[in-house]
1. Please determine, by comparing only the residues of the stretch 206-229 that are buried (at least 16 other Cβ atoms within 10 Å of the Cβ) and assigned to a loop (DSSP other than H, G, I, E, B), which one is modelled with the lowest pLDDT.
2. Taking residue 45 as the residue in question, decide whether it is part of a helix (DSSP H, G or I), assigned by TED's automatic domain parsing to the domain that holds residue 108, within 16 Å of the ligand (Cβ to nearest atom) and modelled with pLDDT of 95 or more.
3. Could you say which residue among 139, 154 is part of a helix (DSSP H, G or I) and more than 30 Å from residue 97 (Cα to Cα)?
4. When you go through 88, 157, 96 one by one, which is the residue that is outside the structural domain of residue 38 (by TED's automatic domain parsing), surrounded by fewer than 22 Cβ atoms within 10 Å (Cβ to Cβ) and either more than 16 Å from the ligand (Cβ to nearest atom) or over 18 Å from residue 27 (Cβ atoms) (or both)?
5. Can you name the residue in the stretch 240-261 that is surrounded by 16 or more Cβ atoms within 10 Å (Cβ to Cβ) and either more than 32 Å from the chain's Cα centre (by Cα) or part of a loop (DSSP other than H, G, I, E, B) (or both) and is also modelled with the highest pLDDT among such residues?
6. Within the stretch 23-36, does at least one residue satisfy the condition of being outside any loop (DSSP other than H, G, I, E, B), within 16 Å of the ligand (Cβ to nearest atom), surrounded by fewer than 24 Cβ atoms within 10 Å (Cβ to Cβ) and on the phi < 0 side of the Ramachandran plot?
7. Hey, can you tell me all the residues within the stretch 1-22 that are crowded, with 23+ Cβ neighbours inside 10 Å and either within 16 Å of the ligand (Cβ to nearest atom) or assigned to a loop (DSSP other than H, G, I, E, B) (or both)?
8. Take the residues in the stretch 42-69 that are in contact (Cβ under 8 Å) with a residue 40 or more places away in the chain and in contact with a strand residue (DSSP E or B) (Cβ under 7 Å, 6 or more places away or on another chain); name whichever of them is nearest to residue 267 (Cα to Cα).
Ligand code: F6P
């Protein structure tokens, strides 16, 4: 019979994402609901090793559901990758009386949690928090929906000036090495072309597509480029390449960058975070460990952490077909 959980630690790690605060709030409130204690761990594994903790009650997490970023801060920790670092963390958690962990982050965060569990048999539960949506075992990671809306709004603004000046814009978006953000915002913002790592369009086909757009009477164009795209040229080199090969185009570049990670979380992300926090805490209370909480067919479901870390999120082929048709 597993030990009764009395005090749960919650932390955020890796790239921050809108919705992380809503998840922290949900973990704290679910603990309070069940009469168990909750402790916030600052700066991910870095703060865990230093014992940088703060007691969280149902009241201390008020007013954060609508805030982007993470009140517990985030950090990437090299030291936690070492056995000594993990021993420091284990001692700090023990000293505080923390007997289970909810880690909110991406695959790197979960890998650390898995190793920690294997070394110390410490109960861990993962909540996927990253705008990239690149984690196996969930249709949505926290922050993804918010980022899609943030980026579509930004591209709508870029289109205003593109059409005013009859320009072609290359817009680079985040997503690390997957194209979920680029593909969805490309369709949502009506981009003339979308470059994603999962599909190598090739330079010639890009020029053909732009020539087709021009011939069809389009005076301005938007090409959305995933930062992990593999066409072999970055957005600035693409600008030069198109200007050299298609003098009829005046080309500009916009790299959206870290603003894609900010902003108030969407209602979808707030609700998802709340659902995931409840499931994470109640699963730990039931004696479960080494799972990631995910959304599958709109149901909250558990995926073994090992599979979440090793699995690959697949690009939606139906969306690729839709984008091909929409760019006719
Ligand atoms: O993983 C989220 C993410 O925003 C990626 O889309 C991006 O490539 C990366 O983080 C940027 O990392 P950093 O914040 O360390 O520059």
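1. 220
2. Answer is yes for this residue.
3. 154
4. Unique residue meeting the criteria: 157.
5. In this case the residue turns out to be 256.
6. Checking the stretch 23-36: not a single residue is outside any loop (DSSP other than H, G, I, E, B), within 16 Å of the ligand (Cβ to nearest atom), surrounded by fewer than 24 Cβ atoms within 10 Å (Cβ to Cβ) and on the phi < 0 side of the Ramachandran plot.
7. Listed by number, the residues that qualify are 12, 13, 16, 17, 18, 19, 20.
8. Ranking the candidates gives 56 first.
The values are calculated or read from the model by the stated rules, or taken from the named source; none is laboratory data. Being a predicted model, the structure only gives us computed values, none of them experimental. Cβ sites come from the backbone with ideal geometry, for glycine too, and all protein chains shown count toward neighbours.
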